[in-house]
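Since the structure comes first, as structure tokens, the remarks are kept for the end.
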Amino acid sequence: MSEFLTLAPADLELWGDTLTAAERCRKPVIAAIDGYTMGPVSSWPSRADFRVATLRSEFAFPEVRLGMIPGSGGTSAPCGSWA
């Protein structure tokens, strides 16, 4: 979280473009999840067409403990619910 707070506005815009790349992809996108997935990164699998997670996978939104709202779409899947 501390690194996120040091990013310049241009870096945040580029990061937002990266997070939404799966939505713009014309081919099916598969999210393979193995291990910790936290914060804004947790929203990326929700943008994939298919999601595969191992038993070791854990999802969290640590920004909530700082009083922040998960604003990268991590609390809602744009195309339905998690599979």
- Query: In nm, to one decimal, how far is the ARG24 label point from the PHE59 one, both placed 7 Å along Cα→Cβ?
  - Reply: 2.4
- Note on the structure: Counting only residues 5 or more apart in sequence or on a different chain, those whose built amide H sits under 5 Å from that of TYR36 are GLU58
- Cβ under 13 Å from ARG47's Cβ, ARG47 left aside: what net charge do those residues give with Lys, Arg +1 and Asp, Glu -1? -1
- Quick one: accessible area per residue over the stretch 1-66, 1.4 Å probe, rounded to a whole number of Å²? 73
- Report ³J(HN,Hα) in whole Hz for each residue of the stretch 23-33, in order, from the Karplus equation J = 6.51 cos²θ - 1.76 cosθ + 1.60 where θ = phi - 60°; Gly and Pro get x. 5, 8, 6, 7, 9, x, 10, 10, 9, 9, 10
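The values are calculated or read from the model by the stated rules, or taken from the named source; none is laboratory data. Note that the structure is a prediction, hence the values are computed from the model and not measured. Neighbour counts run over all protein chains shown; Cβ positions are idealised from the backbone, glycine included. The accessibility values were calculated without ligands, DNA or RNA, using every heavy atom of the protein model including side chains. Shrake-Rupley method; radii C 1.70, N 1.55, O 1.52, S 1.80 Å.
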